[in-house]
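These notes concern the structure reproduced below.
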Amino acid sequence: MILVSGCLSGNNGFYNGKIEASEPVKKLVLENKAIPVCPELLGGLKIPRERSEIKGGTGKDVISGKCRVVTEFGKDVTNHFIDGAESVLTLAKKYKAKRAILKSLSPACGCGEIYDGTFTKVIIKGDGVTSALLKMNGIEILTERDLLKTENS
Ligand code: SF4
């Protein structure tokens, strides 16, 4: 079993309610090969909500307490992101998931690249909070972009 971002499966929308699912991910869920999870919703945030980014670091830094996740209007939502990441890890352990396909660039789900916390679409190297926690626990993370590369190669 693998975990996938809920928004990629069409199970839930993004922070603004917009739905933009990935067809290969939807197929995995329909075939009962993947479980959709949304760390931000599991962490207690709602749809719609303010856009969030990690300020001054990466998901790993958030987990170690070195930086925070804030909304575009300056609200600190770090605890929601940590609670959501821990909930996803609990589900990964429950379903013995060794792999997850998560939404690129998200402050929760992003893998390898995230926005820099300035809300200006500048990208830096690093993982979102959930991806970082899953990686620390030996779970392999791919993004929907990696899936497309695999399909096109
Ligand atoms: S990117 Fe992750 S946290 Fe954001 S809406 Fe999608 S599943 Fe939820």
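The values are calculated or read from the model by the stated rules, or taken from the named source; none is laboratory data. Here the structure is a predicted model, which is why all the values come from computation and not from measurement. Cβ: placed from backbone, ideal geometry, glycine included. Neighbour counts: every protein chain shown. These accessible areas exclude ligands, DNA and RNA; they are computed on the full protein's heavy atoms, side chains included. Shrake-Rupley method; radii C 1.70, N 1.55, O 1.52, S 1.80 Å.
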>> At 0.36 nm per residue, and after removing the present C-alpha to C-alpha distance, how many nm does the segment from ASN79 to GLU23 gain when stretched out fully?
In response: 17.0 nm
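Which order, highest average first, do 59-67, 128-136, 116-124 follow once you tally other Cβ atoms within 10 Å for each residue and take the mean per peptide?
Values: 59-67: 18.1, 128-136: 27.2, 116-124: 12.8.
The peptides rank, most packed first, as 128-136, 59-67, 116-124.
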> Can you give the alpha-carbon Rg of the stretch 2-152 over 2.2 N^0.38 Å, where N counts its residues?
Replying inline: 0.95
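Measure off, as a whole percent, the carbon and sulfur share of the 1.4 Å-probe accessible area of the chain, all protein chains present. Display every interim value, and only then the final one.
On the way: 4280 of 7960 Å².
Result for the chain: 54 percent of the exposed heavy-atom area is carbon or sulfur.
Measuring with a 1.4 Å probe in the full set of protein chains, what accessible area per residue, in whole Å², belongs to the stretch 2-152? If you can, show how the numbers build up before the last one.
On the way: 7730 Å² over 151 residues.
Per-residue accessible area for the stretch 2-152 comes out at 51 Å².
Among 1-11, 93-103, what's the highest-first ranking by average C-beta atoms within 10 angstrom per residue? The partial results should precede the final answer.
On the way: 1-11: 23.3, 93-103: 17.5.
Highest mean packing first, the order is 1-11, 93-103.
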> How many angstrom separate the Cα center of the stretch 125-153 from the Cα center of the stretch 34-71?
Replying inline: 16
> What is the extension gain from ARG145 to LYS66, computed as 0.36 nm multiplied by their sequence separation minus the C-alpha to C-alpha distance, in nm to one decimal?
Replying inline: 25.6 nm
